[in-house]
1. According to a simple spin-label model (label point 7 Å from Cα along Cα-to-Cβ), what is the distance in nm between residue 413 and residue 151?
2. Length gain on complete extension for the stretch residue 288 to residue 386, per 0.36 nm per residue less the alpha carbon to alpha carbon distance?
3. What nm distance separates the two modelled labels at residue 357 and residue 225, each placed 7 Å from Cα along Cα→Cβ?
4. What ranking do 283, 370, 364 get, fewest neighbouring Cβ atoms within 10 angstrom at the top?
5. If segment 180-256 were replaced by its equivalent ellipsoid, with semi-axes equal to the square roots of 5 times the Cα gyration tensor eigenvalues, what would those be, largest first, whole Å?
6. For segment 246-289, just say rounded, prolate or oblate: build the C-alpha gyration tensor, square-root its eigenvalues into a ≥ b ≥ c, call rounded for a/c under 1.5, and beyond that prolate if a/b exceeds b/c, oblate if not.
7. Can you bin segment 304-359 into rounded, prolate or oblate? Criterion: square roots of the alpha carbon gyration tensor eigenvalues sorted a ≥ b ≥ c, rounded for a/c under 1.5, prolate for a/b above b/c, oblate for the rest.
8. Just subtract the alpha-carbon distance of residue 398 and residue 194 from 0.36 nm times their residue separation and send over the number in nm, one decimal.
């Protein structure tokens, strides 16, 4: 299943679609042909109908109708800003960030080692202040819904629940993608001792990664508490934190915090980016798309405010804003300045104790002040230059081409004014003024 395009990737019930050839299930051979995911979904729907369940939580996805309309699942997620083709250093899938370790059904070791976030356990449902005006969810599905889901799955042969379709999806992947909370929890409970929480579909996503991409925070929290690997990475090296950051899902980050499960906030994808890098890039892109921080985009899509909140939450979780990506040595501040993102530059510099270390870090020789000077005369250029100077940026620093920041300013009156400002500061480099 192509989770980057849920609208046209649900192939289980499309008329004319040939039945996939089932893969070999674990365990001894069975006397009868094993069920496919599609058949199991159909049987569960029939059982639900017989039992007269009425709650929408129990509404399993139905096969696509004859007119080709998609299933009523969670909103489609856009392609990640951090998605890149992966070529292993050994010439095969996996490698340093995504190599599969031995274990049940393709369990993958954690991404690049880094400091974990040992957040104390928080009772389920306690998210603190409501997140961006959204109502907090109850800590569990409705008791009758969860009981019905457990009853529906309890008598199943585990090999049926572990069965994968032609794109590697198990029933749990489908339930996570559709946001089916009660059934997803019941399936996860049934599979947690069988390695079923770490089964991967064709893009390397575990059910946790699918739930994170589909913005299903309750399911994410359940999977983590039930033992899902919080640092599992897909074939692009992206963890649940990367996906939440890139797609703009602060509720997923909140769910991971509330689970109390330690997570590696410095994990790197195959671009060498941490989740914080991805969150900054996503916020830059949302501003360049014409949204304001107060704007609300239609159709339930993440807003710039959602994406800004992702940056805030990652910093609260302990993300290191001085981390440099491994390809270009860019920090989050370099990325924010390069994107003309004054709000994020303010946020990053105001992190306690970070500005002295961050403001003059170099990425291939360029400080953030070089990048601000190189902006093509955008409205945020002068405020960014002044902000960086106020926090101690050195206007006498030279890049690898031996250029001063003033040499990179655009021609014209605005550039000339900033040139005079930088020249006046060259001989009087001063410490950061936290009052500005």
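Read-outs throughout are calculated quantities, based only on the coordinates presented, and are distinct from any laboratory measurement. Note that the coordinates shown come from a computational prediction; the quantities given were computed from them, not determined experimentally. Cβ: placed from backbone, ideal geometry, glycine included. Neighbour counts: every protein chain shown.
1. Placing both labels 7 Å beyond Cα along the Cβ direction yields 7.8 nm.
2. Numbers: separation 98, 0.36 × 98 = 35.28 nm, distance 2.17 nm.
Stretched fully, the residue 288-residue 386 segment lengthens by 33.1 nm.
3. 3.5 nm
4. Details: 283 30, 370 27, 364 11.
Least to most surrounded, the residues fall as 364, 370, 283.
5. Details: eigenvalues 65, 43, 18 Å².
Its equivalent ellipsoid spans semi-axes of 18, 15, 9 Å.
6. oblate
7. rounded
8. Numbers: separation 204, 0.36 × 204 = 73.44 nm, distance 5.72 nm.
This chain segment gains 67.7 nm when fully extended.
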